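S.K.: Following this message is one structure expressed as structure tokens.
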Amino acid sequence: MTVETTEDLKLSNAQIAWRAAQDIRDGAYVNLGIGFPEMVARYQPPGRQAIFHTENGILDFGEPPAEGEEDWDLINAGKKAVTLKPGAAFFHHADSFAMVRGGHLDVAILGAYQVAQNGDLANWRVGSKGVPAVGGAMDLVHGAKQVFVITEHVTKDGKPKLVEACTFPLTGVGCITRVYTSLAVIDIVDGRFVLREKLPGLSFEDLQAKTGAKLHTDGPVADLVAPEL
């Protein structure tokens, strides 16, 4: 399979976010990382509603306001304007991190530069480039009960983002539960990448060629299918 064919087949960022949203149970307390992971909130299945948490001190915020109707006192950790749902709560950011560190979040969803087969995550710095410090992600990856990653399967220059061992500075050690990529859904089990779903038009061999560590299976591999978004 050529790179061009894979590019044509792969899921868009919206479709990756949609697929991750399908695994969030109703009533779950969820923190979404800044940027791409924030898209997950758009695609909650009908009849299910997560309770979203942001590190700067809001619980149960809602959709972004219409343009021109922003209240800039109401922002998430990514400094984006949000609305509030009935019963939403405000609190000091120290209390917010106490919630994280106390194990009160069901799920955290983050982006990644690299994910290692043992669950290590690197998502804040690439060599000399990146933000000055790791920030709250290091608390989220060890405080949430489950940690999902959403990401492209490979970098812009075609290098695997799923690897045997991270070469970039770590955000957390052994912390990732599941990875949703543009090509597959992969669990991390006992230090191994276990393939759960892949694009139906992509062979196992082609997927393995784009993955920097061995892929394992422990049963049937389902088709990764997402709606047009």
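The values are calculated or read from the model by the stated rules, or taken from the named source; none is laboratory data. Note that the coordinates shown come from a computational prediction; the quantities given were computed from them, not determined experimentally. Cβ sites come from the backbone with ideal geometry, for glycine too, and all protein chains shown count toward neighbours.
S.K.: Would region 125-139 turn up any residue that is under 26 Å from D223 (Cα atoms) and not in a loop (DSSP other than H, G, I, E, B)?
M.R.: No, region 125-139 has no match at all.
S.K.: Would you check if there is a residue in region 125-136 being more than 22 Å from N13 (Cα to Cα), under 13 Å from the mean Cα position of the chain (by Cα) and surrounded by 14 or more Cβ atoms within 10 Å (Cβ to Cβ)?
M.R.: Looking for residues that are more than 22 Å from N13 (Cα to Cα), under 13 Å from the mean Cα position of the chain (by Cα) and surrounded by 14 or more Cβ atoms within 10 Å (Cβ to Cβ), one finds none in region 125-136, hence no.
S.K.: Answer with yes or no whether Q146 is under 22 Å from D23 (Cα atoms) and either surrounded by fewer than 16 Cβ atoms within 10 Å (Cβ to Cβ) or under 13 Å from the mean Cα position of the chain (by Cα) (or both).
M.R.: yes
S.K.: Applying the selection to region 159-192, what residues are modelled with pLDDT under 95 and closer than 20 Å to D8 by Cα?
M.R.: Those that are modelled with pLDDT under 95 and closer than 20 Å to D8 by Cα: none in region 159-192.
S.K.: Name, by its number, the condition in (1) touching a residue at least 12 places away in the same chain (Cβ under 8 Å); (2) closer than 30 Å to H93 by Cα that does not hold for A222.
M.R.: Among (1) touching a residue at least 12 places away in the same chain (Cβ under 8 Å); (2) closer than 30 Å to H93 by Cα, the lone unmet condition for A222 is (2).
S.K.: For region 109-137, how many residues are of a type in the set (A, V, I, L, M) and either modelled with pLDDT of 95 or more or farther than 16 Å from G78 by Cα (or both)?
M.R.: Going through region 109-137 one residue at a time, the tally reaches 8.
S.K.: Let me ask something else about it. Can you give me the ranges of the strands (runs of 3 or more DSSP E) entirely in region 1-107 with at least 2 residues that are buried (at least 20 other Cβ atoms within 10 Å of the Cβ)?
M.R.: 29-32, 51-54, 58-61
S.K.: May I pose another question? Within region 50-73, work out how many residues are within 22 Å of the chain's Cα centre (by Cα) and farther than 21 Å from Q15 by Cβ.
M.R.: 11
S.K.: Here is a follow-up. Taking only pairs six or more apart or across chains, which ones have beta-carbon atoms under 6 Å, a first residue in region 179-191 that is in contact (Cβ under 8 Å) with a residue 60 or more places away in the chain and crowded, with 24+ Cβ neighbours inside 10 Å, and a second residue that is in a strand (DSSP E or B) and not small (G, A, S)?
M.R.: Once the first residue is in contact (Cβ under 8 Å) with a residue 60 or more places away in the chain and crowded, with 24+ Cβ neighbours inside 10 Å and sits in region 179-191, its partners that are in a strand (DSSP E or B) and not small (G, A, S) give V179/V115; V179/V149; V179/I186; Y180/I150; T181/T151.
S.K.: A follow-up question, please. Taking the stated definitions as given, is D120 among the acidic types (D, E) and either in contact with a Leu (Cβ under 8 Å, 6 or more places away or on another chain) or at positive phi (or both)?
M.R.: Taking the combined requirement at face value, the residue satisfies it.
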